[in-house]
Amino acid sequence: MTKKNILLIGASGGLGINILKALNNDYNIAAHFYKNSDDLNRDFKAKTYQADITDENEVINLIREVREDLGSIDILINNAGLSINSVSWKTSLDDWNRVLAVNLTGPFLCTKHVLPIMREQNWGRIIYMSSVVSQTGVPGTVAYASSKSGLLGLCKTCL
C-alpha cells in the first residue's frame, strides 16, 4: 500500500515532534518549521521545509516545493502555534496580531493553497490543532484563546 503524504505545519515544537514520532514510519512527512529545525534533525525520515506561514508567498512556495518533492499532499496538519501570555488590557496590538497571524491566518493560508490540490486529487484531510483554552478560557491568554476559537469557524467553513 502506498504511503500517504503529510504536510505537518509546525513540526519543530514539542507537539510537532511527538506527531512526527507517531507518524514517521507510516507516512511520508514534509516537516515545516519557521526558525528552529534542530529537533527535526533526529532519526526522522521527514524532509524539512522552512517558511513563514503568515506570508502568503512563502506558503505558496512551501506547498509548491512539497508537492514537487512528494507528488501530492494528502493530509495537512495545521499544528503551528504561538502564545504570548497577557491579560487583555495589557496585550499590545503587535502581540495580538502576531498570535492571530500564526494561529489563525497561517492555517487559513495553508488550507487555502492545499485545498485545491486535494480537490483535484479527489481526496484529502485537513487537521487543525486547537486547544481546550478556546472553550474554557484562561486568564492571560486572550489572543491565544481567540485565535484557537477562530479555528473552529475556519474548520467548519473551508470547503
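The values are calculated or read from the model by the stated rules, or taken from the named source; none is laboratory data. Since the model is a prediction, treat every value here as computed from it, not as a measurement. All Cβ positions, glycine included, derive from the backbone under ideal geometry; neighbour counts span all protein chains shown. The area values use the complete protein model at the heavy-atom level, side chains included, leaving out ligands, DNA and RNA. Shrake-Rupley method; radii C 1.70, N 1.55, O 1.52, S 1.80 Å.
Which is farthest toward the positive dipole end of the chain among Trp96, Gly13, Ile77, measuring Cα position about the Cα centre, with Cβ charges +1 (Lys, Arg) and -1 (Asp, Glu)?
It is Ile77.
How much FRET efficiency would the formula 1/(1 + (r/R0)^6) give for Ile60 and Val87, where r is the Cβ-Cβ distance and R0 is 30 Å, rounded to 0.05?
After rounding, the FRET efficiency stands at 0.25.
Accessible area per residue for region 1-144 in Å², computed with a 1.4 Å probe and the full protein assembly in place, what is it?
Accessible area per residue, region 1-144: 54 Å².
Please report how far the C-alpha centroid of region 1-80 lies from that of region 102-159, rounded to the nearest whole angstrom.
Their Cα centres are 16 Å away from one another.
Can you give the charge dipole size of the chain about its Cα centre, rounded to the nearest 20 debye, using +1 on the beta carbon of Lys and Arg and -1 on the beta carbon of Asp and Glu?
440 debye
Using label points projected 7 Å from each Cα along Cα→Cβ, tell me how many nm separate Trp123 and Asp95, to one decimal.
Result: 4.6 nm between the two label points.
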